[in-house]
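Colleague: Take this structure first; my questions come after.
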Amino acid sequence: MADKRQLNDEEKKRVLEKYGRRCFVDGEPIADEEPIEFHHIKPFSRGGPTNLNNIAPVCKKHHLTIGTMSLQEYRDKLELEKFFEGDPKYLDDVIQSKKGHCGAEFKYEIRDNLIKMYFKDAQPEYPFYECPTTGWKYFYATLPVEYIANDKELQPRALRQPSMWNLYRHFQMNTQLAPSICRIDDNGKLFLFDGQHKAAAQIWAGHSKIECKVYLNHDDRRLKETNLEAHGPFRQMSFYSHELMKKYADIFGEDWAEYMETEGEKSELGFFNFLMHSKKKTRAKARNEIALAMYNEMIDDPANKLSGYLSEKHRGRKQPLTFARLKKSFFDQMLVPPPVKDEFESDADHRKDEKGNLVGLMNIIAEEGLEGRWNPERNDSTHRKAERIFSAGAVRAWAVLLKDAINTHLRHYTDDERRRFFYRNVDNDEFNYFRQFVQKIFSHQIWDDPDPSGEIVARLARDDATTAKSLFEEKGLIVQWVLGGY
Ligand SMILES: [Zn+2]
C-alpha cells in the first residue's frame, strides 16, 4: 500500500462516505455532473501515504491548481489570499485576526540583571545582556503575540503576501534561526520592527508565542538608523510597494513570489528572463504577460477617466472604446515596450512616472473628446463627431499623430528618445501643451465634413494602420498643422 498512488473504486467510495461530495479545499459541494479528483492531504511526493486517512475529494478546478502543495497548505494559501484582499496588511492585522486584539499593555519590573514581565497568564523573568558597542540593554524572550504591535515608526512597510507565504511553508519543516526584534517603551508596550514576515508567518500558522530579541532604554533615533542600514542590501525583500508590483503579484502569483525570492537585484528584465528560462515561456508570451499587467494597472487606476468609456467596463452600453483599440493606439504607441532593465523602484525606474503620464494624457482625451459629448441616445451632431473621432482607424491614426506632435515639440529626434518620451517625469507645463495638441486635433474639419457617400466614415472606421492615416494626409491633418501657431 505504501508505494502506490491510486485508489481503487472501493476505497474512493469510502473516502466519499467520510467527507461527502464536498471539495476538501473550500468545503463547497461538488456538482453531480462534475468529476471528483482524489488528492493526498500530505503530498505523495513528500512521503504522504496512499491510505484513507490521507486522501480527500477535491473539485476539478482546485485539483488543477494545487501543484505539489498538500491540501492543508492549499487551504491555508487560499485563506491567506483572502486575508490580503483590499487594503495593505500589517503585522497588527495578522495578530488581530488570530487573537482579536494586539499591542496589549503590561507591567514590567527590573531587578539586578533580570526583567520580570507581568502578562495575564504568566510572569516570566529573563536575564539582561548589554551591547558592548552601544551599551544598549536587551533580552531574549518568548512573547505572547497579543502583547506585540507593529512598529509603525521604525518599520512602516506593509506585509508582502509572497514573503509571508514562503516563510509559512518554510517553518512547517524548519526551525527559526534568528529571532524577530522588538523594542519596549516606557509604557510597557512592545513594538516589533524587524523580522515581521517571520513573525506574521508563525502567528498565521497558529503559534501563540514567538521568539524575540527585545531592546530596552534604547536610543530611538540610532535604532532607526541602524535598522535602515541593516535593510539596505535586502531591499528587494520587502521594499517594493508600487501598485504595479501588486499587479504582478496578482497576475503571476507563485511565479512572481518565486522570482522575488531569488538572489540579487530585481527588474522587469530579470523577471522576463526568469519567465523564459525557469518557466519555459516564449519571448513573446513573457513580454505580453508583463505588458498586460502594466495595461491592466492603468485601466484599473480609479483616476483614469477614459476607463469609464471602455465597452469591457460597461457591457451592453454603446461605448466608444474597446481594450483592443486602446492597446493598439495608446499602449503600443506610448509605453516603452517591456522588458526595461532598470531596477524596480530605483531612481532609473520610471514606470510609475510613465503610468502617471499616460493616465494624464488619457484624461485629457476623455475631457476634450468625450465628456459631455458622447451620447448615443441623443445622437446629435456633437455625438456623431465624437463617433468619428473614436472610430477604430481614426483612434490609431491620431494616437500616432499626437505622439509625433509631442516628440517634435520636445525636439526628440532619435528613435530611443521618441520611444521613451513618457518614461520620465513630465511637468504640468508640458501637459498644457499636450492638451492644446489634443484640442487642435479634435477641432479639425475632418470630423465635421459632410459625407453624403459615407466614404469618410468608412475610411476612418477601417481598423488598420494606414487607411485613416492617408485620409488625414489628404485633408491636411498632419504634425505641422497640429503644431502651427504654438
Ligand atoms: Zn474545490
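The values are calculated or read from the model by the stated rules, or taken from the named source; none is laboratory data. Owing to the predicted nature of the structure, the values given are computational and were not obtained by experimental measurement. Note that we place each Cβ from the backbone using ideal geometry, even for glycine, and neighbour counts take in every protein chain shown. These accessible areas exclude ligands, DNA and RNA; they are computed on the full protein's heavy atoms, side chains included. Shrake-Rupley method; radii C 1.70, N 1.55, O 1.52, S 1.80 Å.
Colleague: Can you pick out the pairs among 328/355; 246/341; 281/313; 42/152; 61/327; 313/475 whose Cα atoms lie more than 27 Å from each other?
Modeller: 281/313; 42/152; 61/327; 313/475
Colleague: Further, regarding this structure: List, in order, the whole-Hz ³J(HN,Hα) value for each residue of region 12-26 obtained from phi through the Karplus relation with A = 6.51, B = -1.76, C = 1.60 and θ = phi - 60°; use x for Gly and Pro.
Modeller: Result, ordered by residue: 4, 4, 5, 4, 5, 4, 5, 9, x, 8, 10, 6, 5, 5, 10 Hz.
Colleague: Compute the long axis of helix 220-231 from its Cα atoms, compare it with the longest principal axis of the Cα atoms of the chain, and write down the angle in degrees, 0 to 90, nearest 10.
Modeller: Computed tilt is about 70 degrees.
Colleague: Let me ask you something else. With a probe of 1.4 Å, find how much accessible area region 337-379 has per residue, and write the answer as a whole number in Å².
Modeller: In whole numbers, region 337-379 has 42 Å² accessible per residue.
Colleague: I'd like to compare 254-264, 100-110: which one has the highest average count of other Cβ atoms within 10 Å, and what's the full order after that?
Modeller: Result, highest mean Cβ count within 10 Å first: 254-264, 100-110.
Colleague: Just from its helices, what would the mean residue ellipticity at 222 nm be for the chain, if runs of 4 or more DSSP H residues each count -39500 (n - 2.57) and the sum is divided by every residue, rounded to the nearest 500 deg cm²/dmol?
Modeller: Value at 222 nm, helices only, nearest 500: -13000 deg cm²/dmol.
Colleague: What is the gain in length, in nm to one decimal, between residue 42 and residue 292 on full extension, counting 0.36 nm per residue of separation less the C-alpha to C-alpha distance?
Modeller: So the chain would gain 86.4 nm between residue 42 and residue 292.
Colleague: First measure r as the distance between the Cβ atoms of residue 418 and residue 251, then evaluate 1/(1 + (r/R0)^6) with R0 = 41 Å and state the FRET efficiency to the nearest 0.05.
Modeller: After rounding, the FRET efficiency stands at 0.90.
Colleague: Between residue 12 and residue 120, what is the label-point separation in nm under the 7 Å Cα-to-beta-carbon projection?
Modeller: If labels sit at residue 120 and residue 12, their model points lie 5.0 nm apart.
Colleague: How much area per residue is accessible in region 82-184 when the probe is 1.4 Å and only protein heavy atoms are counted (Å²)?
Modeller: Dividing the accessible area of region 82-184 by its residue count gives 54 Å².
Colleague: Looking only at region 258-286, which residues have a backbone nitrogen under 16 Å from a spot 7 Å from the Cα of residue 346 in the C-beta direction?
Modeller: Those under the cut-off are 263-273.
Colleague: Would you work out which of 95, 421, 454 lies farthest towards the positive end of the dipole of the chain, given +1 charges on the beta-carbon of Lys and Arg and -1 on that of Asp and Glu, about the Cα centre?
Modeller: The residue sitting farthest along the positive end of the dipole is 454.
Colleague: Hey, another quick one. If I compute solvent accessible area with a 1.4 Å probe over the protein chains, what percent of it on the chain is carbon and sulfur?
Modeller: Percent of accessible area from carbon and sulfur atoms in the chain: 48.
Colleague: Continuing with the same structure: With θ taken as phi - 60° and the coefficients 6.51, -1.76 and 1.60, list the Karplus ³J(HN,Hα) couplings across region 107-122 in order, rounded to whole Hz; mark glycine and proline as x.
Modeller: Here the 3J(HN,Hα) series is 9, 9, 9, 10, 10, 6, 9, 10, 10, 10, 10, 9, 8, 4, 9, 7 Hz.
Colleague: Using a simple spin-label model with points 7 Å from Cα along the Cα→Cβ vector, what separation in nm is obtained for residue 378 and residue 19?
Modeller: Using points 7 Å along Cα→Cβ, the separation is 5.9 nm.
Colleague: Continuing with the same structure: Just subtract the alpha-carbon distance of residue 278 and residue 222 from 0.36 nm times their residue separation and send over the number in nm, one decimal.
Modeller: So the extension gain works out to 16.0 nm.
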